[in-house]
Each structure stands twice: as C-alpha cells, then as structure tokens.
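Only one structure is covered here, and it is reproduced in the block below.
The values are calculated or read from the model by the stated rules, or taken from the named source; none is laboratory data. Note that this is a predicted model, so its numbers are computed, not measured. Here the Cβ positions follow ideal geometry from the backbone for every residue, glycine too, while neighbour counts run over all protein chains shown. Calculation scope for accessible area: heavy atoms of the full protein, side chains included, ligands and nucleic acids excluded. Shrake-Rupley method; radii C 1.70, N 1.55, O 1.52, S 1.80 Å.
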Amino acid sequence: MRGGWSGPAAVAVAAGAVVSGCALQQSGDNLINGKTQFVAKCGACHTLARANATGVVGPNLDEAFQRAVQDGFKRSTFRGIVHRQIENPGRLRQVDPVSGKEGAEMPANLVTGTDASDVAAYVAQAAARPGEDTGRLATIGQGPSNAVAKAKGGTLDIPTDPSGALAYKFGSAEAPTGRLTIESKNDASVDHNIALEGNGVNQKGAVVKNGGVSRFQVTLKSGKYTFFCSVPGHREGGMEGTLTVQ
C-alpha cells in the first residue's frame, strides 16, 4: 500500500487525526477483518505500531496522525481520511530508502467494499494510539520472533509470516559448515524472498508470493551471516535475522 497521503487528505492528516477504543465491532465495521486486511495488504509499506507493521516505503501512519490526536480531532474523522485515500490515493512518487530508486505507486482500491471500510476503521482506532492491541486483535500481525531455525538434512527452512507482515517465522538461525540449501516459503500475497550476506557471501532467491518458495544453495564457513528479504524497503522494515554457522 505504497504512496498516497497527498492533496486534501494530506492537509487533514497534517492538521491531525484520532480513533476510539479496541472493540471488535465499531459502527458496523469489523476491526478483526480490518487489521487482518491491513497487515496483509498495507503493512509491508506502512508503519503502524499496533499492527506490528514496520514498512518504510509509504508514510508512517502513527506519525501522520499524531498531531491530529494532540489537537483533539475525532477518530471518526481519521476513518474518512483513510477510506478516501484507499479509494483515491495521492500520486506522490515513492522512493526506496536504500537505493534511492522510485518505487511503485499505491494502487487505488487495494482493498474494496467492506474490507476497505474495515481497514479504515482499524487504522482510525489504532494510529498514534499508545499501547498494544488486546484480545483477538492481539493475535493478528506478527512482531519480531525469538524462535531459532535449525538446518536439517542440508536444508535451512525460514518461512515468512503468512499474514504478510515484514517478518520471518524465525528471528535467527543455526547451521553447520558446508553446502546448504536455504529456502523460504511465502504463503502471503505480499512479495518476499530470502537473501544472505556476510563473510564474502551475497546470495538471494527469487521473489515469490502465494505459496511460492524462494531458495538458493551456498557453501558456508564458520561465522555470522545476515539473512533478509531483498524486496525494497522490507529489510529496512525489520525483515532480517542472524545465521550462525559453526
């Protein structure tokens, strides 16, 4: 969900924005579905702390609405702003934070119908709100993982989070020296891959989605390596971890 947040909507956001409570249903909107859709379709490009979204290609939604919250704007106002941006996003060109290359614009109607209404309602209640989601909302959107992936039979499997979040299921990995196949299955609809660098190694697998598997083979010596997603903005959003080889 890149780009957007220009024109009248940007002016409103700059002025400020807010949202109410953590109810699962809000004015007919389903916040569970709203958060699920946001993580799957928008979180790879935007930062929204309550959704554990750390995207850096598009605007940081917590920062965008912070002033409006301070100025006392009602969160129902935010909902309208977000919904209009989904339907008719601004056409500001986005730039990858590392390469400086222009990225894709946010497409109009990335989510539609009730999904769009639910996303707008969730963002409106979550943006610039301290704390964490609770109850069922807290189960959606993966944060950093403390789990360790371990190579088995010459293969190291580091799948992505199926929700579409900028995260792997494992925050670190271990493998023996020698020839190794590294692979990452991506069940999400968001593009991801697996790449590795360190100690003279610079390898990456294909970018995949919807059940595809990104993989490559490499010969490793003892030491520390970094595995990461090389899709623009994803590593910068926190999609990386440490591989220890010994």
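For segment 123-246, what is the accessible area per residue in Å², given a 1.4 Å probe and the full set of protein chains? Present the calculation step by step, with values, prior to reporting the outcome.
On the way: 5670 Å² over 124 residues.
It amounts to 46 Å² per residue over segment 123-246.
Need one number: % antiparallel among DSSP beta bridges in segment 91-246, to the nearest 5. Around 75 percent of the beta bridges assigned by DSSP in segment 91-246 are antiparallel ones. When the pairs Lys185/Lys224; Lys35/Lys185; Lys150/Lys185 are compared against a 19 Å limit on Cα-Cα distance, Lys185/Lys224; Lys35/Lys185 fall above it.
Largest accessible area first, the listed residues Thr112, Thr181 line up as Thr112, Thr181 when surface is computed with a 1.4 Å probe on the assembled protein chains. Taking amide H as placed 1.01 Å from N in the peptide plane, Glu174 has its amide H under 5 Å from the amide H of Ala149, Lys150, Ala151, Thr244, each at least 5 places away in sequence or on another chain. Note that segment 55-70 has calculated 3J(HN,Hα) couplings of x, 10, 6, x, x, 6, 6, 5, 5, 4, 9, 4, 5, 5, 4, 4 Hz, one per residue in order, obtained from phi through the Karplus relation 6.51 cos²θ - 1.76 cosθ + 1.60 (θ = phi - 60°); glycine and proline are x. Residues Arg136, Arg75, Arg129, sorted by accessible area with the largest first, give Arg136, Arg129, Arg75 [1.4 Å probe; ligands and nucleic acids excluded]. A simple rule links phi to the HN-Hα coupling: the Karplus curve 6.51 cos²θ - 1.76 cosθ + 1.60 with θ = phi - 60°, which for segment 130-138 gives x, x, 10, 5, 10, x, 5, 4, 5 Hz, with x for Gly and Pro. Scalar couplings 3J(HN,Hα) for segment 207-220, obtained by applying the Karplus form with A = 6.51, B = -1.76, C = 1.60 to θ = phi - 60°, are 7, 9, 7, 6, x, x, 10, 8, 8, 7, 10, 7, 9, 10 Hz; x denotes Gly and Pro.
Please go through the residue pairs Lys41/Lys169; Lys41/Lys209; Lys41/Lys204 and name each one whose alpha carbons sit more than 21 Å apart in this structure. Could you put the intermediate results ahead of the total?
Numbers: Lys41/Lys169 18 Å; Lys41/Lys209 12 Å; Lys41/Lys204 24 Å.
The answer is Lys41/Lys204.
Between Asn109 and Lys169, the FRET efficiency estimated from the beta carbon spacing at R0 = 45 angstrom works out to 0.90.
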